Amino acid sequence: MTRNRLDDFIESSKDEMIEHILQTVSYPSFTGDMAENRKCLQYVLDLAEKLGFKTMTTSDMSVGIVEMGEGSECMGILAHVDVVGIGDPEKWTYEPFEGVNRDGFLWGRGTSDDKGAVIMSLYAMKAVFDSGVKLNRKIWLIIGTSEEGEWTDIETFKKEFPIPDFGFSPDGEFPIFNVEKGYADVILSFEEPMLHSILELKGGDSPNTVPSKAYIRLGDGREITAHGVSTHSSTPEEGKNAIIGLCKKLSELGEVFAFARFISGYMSNDGKPVELGFDDGSDCYHGEYVGITTAAPTVLKMENGKVILNINIRQRYGTTLEDISSTFKKMAGQFGYDVSIDSYLEPMRVTSDLPFLQIMRETCRAYGVDESFKVAAGTSYAKSMGKFVSWGPVFPDDPQTAHMEDERLSVDTMILATKLYAYFIFRISSEGQ
């Protein structure tokens, strides 16, 4: 009967959840804009206190914590309120921070990544809180503000609070992702011999998003624009990279820019860097499926007399920082660039036989949802702590719109995912330790 009570609470809270998700979307909380992120975080913490929860923050208010229950063990839920850039404004059906409920979807930047999941997790906790069950474990909803950038928020959290014993991040897809690829932003700074002939150059506004528009203005008056389809940089094959498109146009016009030669020669829309050779190009490591390493150019610009190119790498488990760095260094002389690594995260692998993951599987089974373990192409806060996995909030058949124009979250998905989270939290917090 408890599961039915949880489900009924979530169904009855549908309108409230929609209201609060759209309100969080109204904050343009881009990564790096801490003023807007703190406003959005404060909104969530105020809501949590109204719902009856205790809240805490790090000393710099880069992380908020919502607490429920008690006990020697703690389960964490890792989410975030910061968002990536909006891409091409002309490609949005509705204004990205308007927050619109229409046609069965919540529209706006952050609805699926990750503001929707913040509110869903909060209401899942409230469903359990109001059920009256004795809570034998502590539950922390940990809300960060720089997941889309460098994880300085999580580093501060680790210095000031104990790390939860296990948990999940609702910042991806279902089913259960216990393996995540790594993450690297490689910066190539080209000493472009033909720089004097470029008046303006711009492609992309986020290192982890495949851009849908790239543009160059040349000294002879020509303006060349390439359009593509934006997508999350962890799945470059699902979009069409405008930076690659622009470089191909330049090559066809006979322009011999070093950056364009490099991109045209080594970057592809499917993200497979076979010619670069970070690893053997397979999707297995020591016989285990771990996915393939991908590479996507995501930001292209002029800065301080150089052409700056960001290449976002999602390396498979077993591929190292040295593998990535040495690959680019060996071609530096040929193309005239300097190499630096701006951000780097190791791949993650959590063994699937942990007890909490078996409860997670049973929760999926109870709702008829795929319970298998998979490899995540993207990266989440899950890899910042031991014994964490990525789990939801969207399903494989949903539109995959994170980091894209027209980001949106299905209302039906919002309800079902919240039910899954609530039942899992109930099982974890009410069973004996």
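Determine the dipole magnitude for the stretch 183-346: charges of +1 sit on the beta-carbon of Lys and Arg, -1 on that of Asp and Glu, nothing else is charged, the reference point is the Cα centre, and the result goes in debye to the nearest 20.
So the dipole magnitude of the stretch 183-346 works out to roughly 480 debye.
Whole number please: convex hull volume per residue of the Cα set in the chain, in Å³?
Hull volume over Cα atoms, normalised by residue count, gives 137 Å³.
Lys and Arg at +1, Asp and Glu at -1: add these up for the other residues within a Cβ distance under 11 Å of PHE105 and post the number.
Local charge sum for PHE105: -3.
Using only Cα atoms and rounding to the nearest 10 degrees, what angle (0 to 90) does helix 242-252 make with the longest principal axis of the chain?
10
Please give the charge dipole size of the stretch 49-133, origin at the Cα centre, charges +1 on K and R Cβ atoms and -1 on D and E Cβ atoms. Round to the nearest 20 debye.
Around 200 debye, computed over the stretch 49-133.
Sum -39500 (n - 2.57) across every DSSP H segment of at least 4 residues in the chain, then divide by the residue count to get the 222 nm mean residue ellipticity, nearest 500.
Here the helix-only value at 222 nm equals -9000 deg cm²/dmol.
Based on the Cβ-Cβ distance from ALA35 to GLU346, what FRET efficiency comes out when R0 is 30 Å, to the nearest 0.05?
0.45
Whose amide H sits under 5 Å from the amide H of VAL299, counting only residues 5 or more places off or on another chain, with H placed in the peptide plane?
So VAL299 has HN proximity to ASN310.
Angle between the Cα long axis of helix 14-25 and the longest principal axis of the chain, 0 to 90 degrees, nearest 10?
40
So if each residue of separation counts as 0.36 nm, and I subtract the Cα-Cα distance between GLU11 and CYS284, what length gain in nm does that give?
94.1 nm
Among GLY221, ALA184, PRO273, which residue has its Cα furthest toward the positive end of the charge dipole of the stretch 143-283, with +1 on Lys/Arg Cβ and -1 on Asp/Glu Cβ?
Farthest towards the positive end: GLY221.
Let me check against my output: what whole-number percent is the relative contact order of the chain, with C-alpha pairs under 8 Å and at least 6 apart?
The normalised contact order for the chain reaches 24 percent.
Give the average over all directions of the projected area of the C-alpha convex hull of the stretch 183-346, one decimal, in nm².
Working: hull surface 35.3 nm².
The orientation-averaged projected area of the Cα hull of the stretch 183-346 comes to 8.8 nm².
Given LYS134/LYS159; LYS202/LYS248; LYS14/LYS115; LYS181/LYS387, which pairs have Cα atoms separated by over 22 Å?
Distance filter (> 22 Å) returns LYS134/LYS159.
When the chain is treated as a GNM, springs tying every alpha-carbon pair under 10 Å, which of SER26, SER380, SER13 comes out with the largest mean-square fluctuation?
The residue with the greatest mean-square fluctuation here is SER13.
Tell me, what HN-Hα J-couplings in whole Hz come from the Karplus equation 6.51 cos²θ - 1.76 cosθ + 1.60 at θ = phi - 60° for each residue of the stretch 43-56, using x for Gly and Pro?
Karplus values, whole Hz, x for Gly and Pro: 4, 5, 5, 4, 4, 4, 5, 4, 7, x, 9, 7, 10, 9.
What does DSSP give for the chain in terms of the percent of beta bridges that are antiparallel, rounded to the nearest 5?
75
Which FRET efficiency, nearest 0.05, do GLU160 and LEU354 yield, Cβ-Cβ r, R0 25 Å?
0.40
Rounding to the nearest 20 debye, state how big the charge dipole of the chain is about its Cα centre with +1 on each Lys and Arg Cβ and -1 on each Asp and Glu Cβ. Before the final figure, lay out the partial values.
Details: 42 positive and 67 negative charges, 81 e Å.
Result for the chain is approximately 400 debye, rounded to the nearest 20.
Taking K and R as +1 and D and E as -1, what net charge do the other residues with C-beta under 14 Å from the C-beta of ARG261 add up to?
Once positives and negatives cancel, what remains is -3.
Using the Karplus curve 6.51 cos²θ - 1.76 cosθ + 1.60 with θ = phi - 60°, what ³J(HN,Hα) values do you get for each residue of the stretch 135-152, in whole Hz, with x for Gly and Pro?
Taking θ as phi minus 60°, the curve returns 9, 9, 10, 7, 10, 10, 8, 9, 10, x, 10, 9, 5, 7, x, 7, 7, 5 Hz for the stretch 135-152.
Note down the net charge around ILE292, summing +1 for each Lys or Arg and -1 for each Asp or Glu among other residues with Cβ under 11 Å from its Cβ.
The answer is -1.
Which whole-angstrom value gives the distance between the alpha carbon centres of the stretch 207-263 and the stretch 332-367?
Each part reduced to its Cα centre gives a spacing of 28 Å.
State the answer as a single residue: which of VAL350, VAL375, ALA260 lies farthest towards the positive end of the charge dipole of the chain, with beta carbon charges of +1 for Lys and Arg and -1 for Asp and Glu, about the Cα centre.
After comparing all options, I get VAL350.
Rule-based calculations on the coordinates, nothing more; no lab input. These numbers come from a predicted model, not from an experiment. Neighbour counts run over all protein chains shown; Cβ positions are idealised from the backbone, glycine included.
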